[in-house]
Every structure is written in C-alpha cells, then in structure tokens.
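Contents: one structure, followed by commentary.
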Amino acid sequence: MTSTPGPWVRSVGTALPPNWVDQETLISEFRALWEREHFNVERIEELHRSVQVGGRYLALPLDEYRPLRRFSERNDAFNRVSLEVGEQAVRRALDAAGLQPRDVDHLFFVTVTGIGTPSLDARLMNRLGLRPDVKRTPIFGLGCVAGAAGTARASDVLRAFPDQVAVLLSVELCSLTLQREDVSIANVIASGLFGDGAAAMVLSGADRPPSGAAPRVLATRSVFYPDTERIMGWDVVDGGFKVVLSAKVPTIVTDHVRADVDGFLASQDLRLGDIRHFVAHTGGPKVLQAFEAALELPPEALQRSWSSLRKTGNLSSASVLFVLSELLASGDARPGDLGLLMAMGPGFCAELVLLRW
C-alpha cells in the first residue's frame, strides 16, 4: 500500500433545484411532445419506466421549458441556475467541514451540461467571498466520470500541498440539454434518465486533518479504453448538445471493470474482498447491474446508488458525489474500513478512487 499520506475527504454538500417532478408526469409531457414525430410512443413510455427513476429535480419549472428553442436560451438558464445551486452546495460542504470560504486554496469545477466564460468557479469567487489567490481549475467534458476524476485530481494537488484545502464542485443541469427534435433511442433514454443537481466535496491535505472521522484518499487510477470515443458524449449541433449514448456501455463494464478493479487493488496489496463500501455512479439500471455482476457484489452493496437513481435520476458527474454524501451521512463506515469510489464516462474511460476511514 502507498506510504504517501493521502488527503482527507472532509465533507460533501449537495443541492437540488426546487422543481421536483414525478416520472409519470414527465412521461406525459414527452408523450405530448413526441407523439407526432415518433411512430411508437408506447415504446418511449416503456423506456422511460425501465430506467427505474421515480422523479427528478429540474433546473426550471416544467412550463418554462416549452419556450426554450435556442441553445443560447438554454445555456443562459444553465449559467443562472448553476450559480444558485453551486453556491448552495459549496456553502453546505464548507459548513459540514467546519471551514470558511477564506480557508479554500483550490477550486475545481466540473460540468458537461453548460458553458460559460468566465466559468462558474470565477463567478463564485465574489459571491462566496473566496480569497483572490485561490487556484481555479474548470474542467469541461468528462461527463459522468468527472465526480470521481475531479476527486482524483484534487487529491493529486493536495499531495503536493499537504497543508491546503481544495473544493471540488460539480453542477449538472441535464434537463437543459434536451434536443426535442431528436427522437433517437439514445435521446429518449437520456430524457428519461438524467436529472439536475449540484454537489461539492471539501478535501484537505494530510497536514490538515479534520476534527472528526473522515476517509482518506489512498490511491487513484484512470483507465482509458482505446477506440471508444463514440460510446458516450455530445455531438455539438445548432441546437446545442445532442447526446451520444451507445447500448454497449453495460458490455464495456462487464468486460473490463473486474480486471481494472483487481489490478488497481493489487497495486495497493489489496483484494476485492477487502472493500467494505462501494460508491458507484448511478449510470442506470443496466450499468449498476453490470457493476454488480462483474464484481460479484451482494444486492446491498450498491443500495445507495440504486436509491439515488430512483430519487433523483442520473446526475452525471454529481451522481457519485451524492452517493458518497449518503454514505458519509449514514455513519456506517468504521475506522479502518476501505471504500471504492468508481465512475465511467466519455472517452470512454473509468476512474477509481480508493478510500480508507
């Protein structure tokens, strides 16, 4: 196992927009939208129910989506709402960590559902009262994997600066990316699966331990799968972000994740049986089932991921942080427990983060 002390995960704060809509209401909306363009509306309803999402939080009230026609209008909404939920998530995370905005040395921001220059991290500087010497790192394009990847990148920085504090902020407003004219299976599934939310993680270096129990980042690993660029992502079209989502995602999980996890753990002189807590990104039922099968996990191992999927849908990069937040709040982890945080996303790629309480 690595001898270099890893940084502490002090807290995770989450924020959801106030507009919750149950899945059946959303199905009705999509039926009205697509019944003239799609030859089999019943198939759309079947796909939306199959993702096992009970409801989702939306960036805007439902009736405010209808006038949105241009990408610029949707992106303006992203920049407005992301500022609100992003601030809430960071403040909650700092409060839970017992820290103030002036304590933050690094701010990482990840998203794949909106763009802005200055980016959200810059627009939060004055709003949060952050120091002007904060080092900002906005990251766009990692998609669902970015919550885990951002955790790894922030921990890398804190290994070099063990007396400092980093905040990772994820904001994903997936509902604002909907391409209403796209009746492809990929877009139909995405429109039923993805939700909106924000999460912030506070980490501190090894020389700045928290006052209470907290996990440490022991090690991280990135895995890129060659020739898989069209598995997941966006095509940028006139109307904005058009989803690319291959049915091969669960197969890639099944084919690769066990060997990737075993190899990662072996590098730390560990085996899969040593891991007590699994924090998996809520990629959808087939992805979670593939994780369970490939890693031979008991039904309860990914219970928090399944629960998060049902309550909020897939929140892209924020989803794995929401699951980690639930684990931290539960108090189930005991000193010495090991946890594995894992996510996959555009590239196609995986990120693995080993935690120890």
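Determine, yes or no, whether Q88 is within 26 Å of the chain's Cα centre (by Cα) and at positive phi. No, not satisfied.
Please list, ordered by residue number, the helices (runs of 4 or more DSSP H) wholly in the stretch 120-208 having 3 or more residues that are over 22 Å from V236 (Cβ atoms). Don't jump to the end; show me each part of the working.
Numbers: elements: 120-128, 146-160, 185-193.
Fully inside the stretch 120-208 and qualifying: 120-128, 146-160.
Identify the residue in the stretch 209-233 that is modelled with pLDDT under 95 and of a type in the set (D, E, K, R) and, among all such residues, is farthest from P61 (Cα to Cα). Top of the filtered list is D227. Yes or no: R92 without any contact (Cβ under 8 Å) to a residue 40 or more places away in the chain and part of a helix (DSSP H, G or I)? No; evaluated as a whole, the condition is false for this residue.
Among the residues in the stretch 25-46, are any assigned to a loop (DSSP other than H, G, I, E, B), closer than 19 Å to L173 by Cβ, at pLDDT below 95 and not aromatic (F, W, Y)? Looking for residues that are assigned to a loop (DSSP other than H, G, I, E, B), closer than 19 Å to L173 by Cβ, at pLDDT below 95 and not aromatic (F, W, Y), one finds none in the stretch 25-46, hence no. For residues that are touching a residue at least 60 places away in the same chain (Cβ under 8 Å) and part of a loop (DSSP other than H, G, I, E, B), scanning just the stretch 58-68, find the one that is surrounded by the most Cβ atoms within 10 Å (Cβ to Cβ). This residue is A59.
If I filter the stretch 50-57 for residues that are modelled with pLDDT under 95, in a helix (DSSP H, G or I) and within 22 Å of the chain's Cα centre (by Cα), do I get at least one hit? So far as the stretch 50-57 goes, yes, one or more of its residues are modelled with pLDDT under 95, in a helix (DSSP H, G or I) and within 22 Å of the chain's Cα centre (by Cα).
The values are calculated or read from the model by the stated rules, or taken from the named source; none is laboratory data. Nothing here was measured: the structure is a model prediction, and the numbers come from that model. Cβ: placed from backbone, ideal geometry, glycine included. Neighbour counts: every protein chain shown.
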